1. For the stretch 70-125, give me the residue count where each residue is of a type in the set (Lys, Arg) and touching a strand residue (DSSP E or B) at 6+ places or on another chain (Cβ under 9 Å).
2. What are the residues in the stretch 13-30 that are surrounded by 13 or more Cβ atoms within 10 Å (Cβ to Cβ) and over 12 Å from Lys145 (Cβ atoms), if any?
3. Can you tell me how many residues in the stretch 151-192 are closer than 23 Å to Thr33 by Cα and of a type in the set (D, E, K, R)?
4. Report whether or not Asp97 is farther than 22 Å from Asp18 by Cβ, under 19 Å from the mean Cα position of the chain (by Cα) and surrounded by fewer than 17 Cβ atoms within 10 Å (Cβ to Cβ).
5. For Ala51, work out the one condition from (1) at pLDDT 95 or above; (2) more than 16 Å from the chain's Cα centre (by Cα); (3) in a helix (DSSP H, G or I); (4) not acidic (Asp, Glu) it doesn't fulfil.
6. Looking at Val89, Val180, which is the one that is among the hydrophobic types (A, V, I, L, M, F, W, C), farther than 24 Å from Trp68 by Cα, in contact with a Pro (Cβ under 9 Å, 6 or more places away or on another chain) and surrounded by 19 or more Cβ atoms within 10 Å (Cβ to Cβ)?
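The values are calculated or read from the model by the stated rules, or taken from the named source; none is laboratory data. Quick caveat: nothing in here was measured; it's all calculated off a predicted structure. Glycine gets a Cβ as well: all are built from the backbone with ideal geometry, and neighbour counts include every protein chain shown.
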Amino acid sequence: MRELVYYVAVSIDGYIADPTGGFDAFLVEGDYTSVVFGEYADALPVHAHTALGIEPPKTRFDTVIMGWNTLGPALDVGIASPYPHLRQVVASRQARDVDPAITLTDDPLATVRTLKQEDGLDIWLCGGGELAGTLVSEIDRLVLKRSPMVFGSGVPLFGTAPYDPRRFDLIDSRTFKSGVLIEEYVSRGGAQ
């Protein structure tokens, strides 16, 4: 069965974006980028593949799910389909005009459960925090690119999800001289 993988940059204090939804404070260069451009190249947007002169390997993910606010920055710079090499699903509580390559869903939980039953590579949960909070019961794996930054406030890793303890086991941790720590966890399910 396919896994839902929440692969995301996060600050030391658990924020995936600043209070305005921006993520410019995260390190974008350094020794950890070999992981980003290598192991997780499927999670790079089309403009990054173009700038780097690489093709998406299509070895880790074949689907991405994101919230409307996560799609917003791409739309703001004129990129209507940021991940054309992936099946793109956007969660939105209202009807939106989107590129034909994007599927909208107003029930992300049901959508993810259906996607997980299909054949294919893993599903990348791109963000945002509110969507991750909605989908926490379906997240099989967390891959956190923890930056050596403290935001103080912003968009929390799991939004404003209600209290519902879930256990994840740390299976890998890589430390880089840049201060970035890449942690990988697998879900045990409910509180244990």
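1. Total satisfying the criteria: 3.
2. First, the residues of the stretch 13-30 that are surrounded by 13 or more Cβ atoms within 10 Å (Cβ to Cβ): 13-18, 21, 23, 25-27, 30.
Across the stretch 13-30, the qualifying residues are Asp13, Gly14, Tyr15, Ala17, Asp18, Gly21, Ala25.
3. 5
4. Values: farther than 22 Å from Asp18 by Cβ: yes; under 19 Å from the mean Cα position of the chain (by Cα): no; surrounded by fewer than 17 Cβ atoms within 10 Å (Cβ to Cβ): yes.
No; evaluated as a whole, the condition is false for this residue.
5. Only one criterion in (1) at pLDDT 95 or above; (2) more than 16 Å from the chain's Cα centre (by Cα); (3) in a helix (DSSP H, G or I); (4) not acidic (Asp, Glu) is unmet by Ala51, namely (1).
6. Details: Val89 fails: farther than 24 Å from Trp68 by Cα.
Going through Val89, Val180 in turn, just one is among the hydrophobic types (A, V, I, L, M, F, W, C), farther than 24 Å from Trp68 by Cα, in contact with a Pro (Cβ under 9 Å, 6 or more places away or on another chain) and surrounded by 19 or more Cβ atoms within 10 Å (Cβ to Cβ): Val180.
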